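Since the structure comes first, as structure tokens, the remarks are kept for the end.
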Amino acid sequence: MTSQDWFTKDFYATLGVSKDAGPDEVKKAYRKLAKDLHPDRNPGDAASERRFKDVGEAYAVLSDPEQRKQYDAIRAMGAGGARFQAGGGGGTGGFEDILGGMFGGGAYPGGGNVRFQTGGAGGFEDILGGMFGGGRARGPQKGSDLAAAVEVSFRQAAEGATVQLGLDGSRVSTRLPVGVKDGQRIRVAGKGRPGGNGGPPGDLLLTVHVQPHPVFTADGLNLRVKLPVRFDEAALGAQVDVPTLTGEKVRVKVPGGTQSGTTLRVKGRGLTSKKGTGDLLVTVEVAVPRKLSREAKRAVEALREATSGEDPRADLYRDATR
């Protein structure tokens with residue numbers, strides 16, 4: 001995205017946050033708007049789709065500290081924070097008057113510092129070059145990068161799905177890497193703005209937001225799942241079925257005496273990419289009944305009497321004094 005675009009776009013207003021909003025507030029506002037405006041919730045609604053794109057574009061800039069810094073500087077200039085002085089003295093017709101005419105009215109008051117982004121075709125120096133008859137001759141220039149954001153389901157991220165984006169009136173398709181993480185930024189080569197004078201196009205900097213899954217979490221190519229088991233299954237051992245992301249179930253052996261929090265590994269049931277295949281990591285959680293029948297209560301009381309000589313907190317007390 002070039003600096004010219006940022007003169008006219010108020011990303012803070014787009015997300016409904018103040019200019020001094022912190023990263024967490026910006027992220028919270030984006031997530032709420034992205035959820036409400038998502039095309040799946042508003043099928044066929046062109047206005048919502050445009051707003052969804054604008055919200056993603058705004059978050060992609062404001063969530064990146066360096067881009068946000070550049071954006072704030074450029075917007076400050078557009079609001080009257082910069083002053084330019086012609087080299088020949090204090091008369092009228094100086095550089096500040098030219099810029100004033102370009103951006104809507106007389107000379108700029110104040111004297112703030114501004115940094116311009118000139119590293120791509122269509123940059124600020126091209127505007128200045130056009131003012132003076134084309135400026136110096138330039139060779140091929142790479143196009144500017146574009147920033148965007150997309151929200152995907154956990155399954156799309158886990159499987160490396162292909163997503164489509166609407167950018168500058170065109171549709172762009174790209175395949176996500178398998179197991180892409182929430183908040184990860186991906187560089188998609190050649191999907192930015194066109195280059196100048198025969199130069200290559202810029203890149204697309206795509207920030208991916210992954211919706212949480214109710215059962216699974218990703219750990220690289222591994223998948224993690226929490227497995228509730230009864231006390232008797234953990235104490236005596238059991239064969240327990242565990243769900244996988246494909247919808248199948250795999251049978252896992254829970255050894256007798258397994259403690260809550262123990263992780264069991266199922267080989268080859270994680271995510272698959274060019275780098276290989278991960279595992280399914282099953283963390284055992286002993287489930288405590290909320291209510292007990294009279295018979296079950298008597299059995300637990302009998303167990304308490306039988307194990308009353310054991311102290312499961314003995315190591316805890318000993319280690320606390322180290």
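Annotations for the structure displayed:
- Test: residue in the range 218-231 that is among the aromatic types (F, W, Y), over 23 Å from F52 (Cα atoms) and not assigned by TED's automatic domain parsing to the domain that holds D24: yes
- Scanning the range 168-187 for residues that are within 10 Å of L206 (Cβ to Cβ) and either assigned to a strand (DSSP E or B) or more than 17 Å from the chain's Cα centre (by Cα) (or both) turns up V172, T174, R185, I186, R187.
- Any pair with Cβ under 7 angstrom, 6 or more apart, that starts in the range 252-271 at a residue that is more than 29 Å from V178 (Cα to Cα) and ends at one that is assigned to a loop (DSSP other than H, G, I, E, B): V254/G237; P255/G237; G256/G237
- Pairs meeting the criteria (first residue in the range 22-51 and at pLDDT below 90, second residue part of a loop (DSSP other than H, G, I, E, B) and of a type in the set (S, T, N, Q), beta carbons under 6 Å, at least 6 apart or on different chains) are S48/N42.
- Selection status of K53, at negative phi and part of a helix (DSSP H, G or I): yes
- P194 meets all of the listed conditions (1) part of a loop (DSSP other than H, G, I, E, B); (2) at pLDDT below 85 but one, namely (2).
- S153 vs. criteria touching a Ser or Thr at 6+ places or on another chain (Cβ under 7 Å), on the phi < 0 side of the Ramachandran plot and modelled with pLDDT of 85 or more: no
- No other residue among V163, V180 is closer than 21 Å to T277 by Cα and either surrounded by fewer than 14 Cβ atoms within 10 Å (Cβ to Cβ) or touching a helix residue (DSSP H, G or I) at 6+ places or on another chain (Cβ under 9 Å) (or both) apart from V180.
- Applying a threshold of 7 Å to beta carbon distances and a minimum spacing of six or more residues, or different chains, the list of pairs starting in the range 164-193 at a residue that is without any contact (Cβ under 8 Å) to a residue 12 or more places away in the chain and of a type in the set (K, R) and ending at one that is part of a strand (DSSP E or B) and exposed (fewer than 13 other Cβ atoms within 10 Å of the Cβ) reads R171/Q164.
- Where a residue in the range 299-313 is of a type in the set (A, V, I, L, M) and its partner, wherever it lies, is in a loop (DSSP other than H, G, I, E, B) and surrounded by 10 or more Cβ atoms within 10 Å (Cβ to Cβ), with Cβ under 7 Å and at least six apart: V300/L292
- Among the residues of the range 263-300, those that are in a loop (DSSP other than H, G, I, E, B), loosely packed, with under 13 Cβ neighbours inside 10 Å and touching a strand residue (DSSP E or B) at 6+ places or on another chain (Cβ under 9 Å) comprise K267, G268.
- Single residue of the range 285-301 satisfying the filter (β-branched (V, I, T) and at pLDDT below 95) that is nearest to the chain's Cα centre (by Cα): V288
- Per-region count, the range 1-21, residues among the small types (G, A, S), farther than 30 Å from K142 by Cα, touching a residue at least 12 places away in the same chain (Cβ under 8 Å) and in a helix (DSSP H, G or I): 0
- Taking the range 244-262 as the range and being of a type in the set (S, T, N, Q) and surrounded by 15 or more Cβ atoms within 10 Å (Cβ to Cβ) as the test, the residues that pass are T244, T258, T262.
The values are calculated or read from the model by the stated rules, or taken from the named source; none is laboratory data. What you see is a predicted model; the values in this text were computed from it and never measured. Cβ: placed from backbone, ideal geometry, glycine included. Neighbour counts: every protein chain shown.
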